[in-house]
1. Could you say which residue among L169, L144 is open to solvent by less than 20 Å² (accessible area, probe 1.4 Å) and modelled with pLDDT under 85?
2. Return yes or no: is K198 of a type outside the set (A, V, I, L, M) and at pLDDT 90 or above?
3. Would you tally the residues in segment 55-66 being part of a strand (DSSP E or B) and open to solvent by 40 Å² or more (accessible area, probe 1.4 Å)?
4. Restricting attention to segment 72-98, and to residues there that are part of a strand (DSSP E or B) and in contact (Cβ under 8 Å) with a residue 24 or more places away in the chain, which single residue is most open to solvent (accessible area, probe 1.4 Å)?
5. Output the number of residues of segment 83-133 satisfying the condition of being more than 20 Å from the chain's Cα centre (by Cα) and of a type in the set (G, A, S).
6. If the requirement is being touching a helix residue (DSSP H, G or I) at 6+ places or on another chain (Cβ under 7 Å), at pLDDT below 95 and under 16 Å from F125 (Cα atoms), which of these qualifies: L104, L74?
7. Starting from residues that are open to solvent by less than 60 Å² (accessible area, probe 1.4 Å) and polar (S, T, N, Q), keep the ones in segment 192-222 and report whichever is nearest to I141 (Cα to Cα).
8. I'd like to check something: does segment 23-36 contain any residue that is touching a Ser or Thr at 6+ places or on another chain (Cβ under 7 Å), part of a strand (DSSP E or B) and either within 26 Å of L152 (Cα to Cα) or among the aliphatic types (A, V, I, L, M) (or both)?
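The values are calculated or read from the model by the stated rules, or taken from the named source; none is laboratory data. Just so it is clear, the structure is predicted and the values come from calculations on it, not from any experiment. Because the Cβ atoms are built from the backbone with ideal geometry, glycine has one as well, and the counts that use them run over all protein chains shown. In case anyone asks, the SASA skips ligands and DNA or RNA and just uses the protein heavy atoms, side chains included. Shrake-Rupley method; radii C 1.70, N 1.55, O 1.52, S 1.80 Å.
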Amino acid sequence: MTNTARKSKPEARPAFDIPAFLSSGVSKKQASFRKKQTLFHQGEPARQVFYIQEGSVKVAVTSAAGKEAVVAILGPGDFLGEACLVGQPLWIATATAMTAGSALVVEKAEMLRLLHSDHEFSDRFISYMVTRNIRTEEDLIDQLFNSSEKRLARTLLLLARYGQSNQALELPKISQTVLAEMIGTTRTRVNFFMNKFKKLGFIEYNGGLKINNSLLSVVLRE
C-alpha cells in the first residue's frame, strides 16, 4: 500500500499593516488637526497625500457662484489627496476636519517612491483606489436612479462603515445640511426622513447618532 504524502497548507499571510508601514522607515510628518480646520483649499498646489488615522474629514467642491457640494466624508484608514500622484497640479476640492483627529502626511515624491519600491504596499494602495472608484460609480448610479430616501439611508450606512460590526454603528457628528448636500436634496427632506427612520427604529439619538443594520431594508426595498 502506497502512502500519499500530504500537502501542507500554506500559512496565511498576515494582513499588511499600512499604518505601521507608513510610521516606520518612511519620510512623512504627523499632523494633528482640530475640528473645522482646513487641511487644504481648493485651487492650492497639490503636493501631498494624507493617510487619516483619527477623525473625520469632509471633502467639498465650491462652484464659481459659491455653491458648495460635499463629495466625500473620509475617516480612519482612508487616503486623501491621492490625485496629485497622477498629475493633478491643484486641489480640486477643499478638505475640512469635521472632528479633531490626526493624519500621516507623505510628500508626493516620497509616496511615488514607496509605490514603486514596495510591491505589497502598492498592491494594497491600488486595491484601495479601485474600491474607492467603485464607490464613486455607485454614488453616481444612486444619484441618477434612487429616491432621496434611499440615497440618505445608503449614505448613513456608508458613513457608519456598514458591515464592519453587527452592533449599532456610531456615526461621526454630521449636520443635516451636509447630508442634504451629499445626496442632492433639501435639509427639510433630510429632516423628514431622519424622523421617519427614528420612528421605525432604524436610527437612534442617544447623545449621538447610531445607525442600526435594519436601515439596510430601506436601501434594498424596491
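1. Only one candidate passes the filter, namely L169.
2. So K198 passes the test.
3. Going residue by residue through segment 55-66, those that are part of a strand (DSSP E or B) are 57-62.
Filter once more, so that each one left must be open to solvent by 40 Å² or more (accessible area, probe 1.4 Å): 61-62.
Selection size over segment 55-66: 2.
4. Only one residue fits best here, namely L90.
5. Residues that pass the stated criteria total 3.
6. That would be L104, the only listed residue that is touching a helix residue (DSSP H, G or I) at 6+ places or on another chain (Cβ under 7 Å), at pLDDT below 95 and under 16 Å from F125 (Cα atoms).
7. The qualifying residue nearest to I141 (Cα to Cα) is S217.
8. Yes, there is a match, as at least one residue in segment 23-36 is touching a Ser or Thr at 6+ places or on another chain (Cβ under 7 Å), part of a strand (DSSP E or B) and either within 26 Å of L152 (Cα to Cα) or among the aliphatic types (A, V, I, L, M) (or both).
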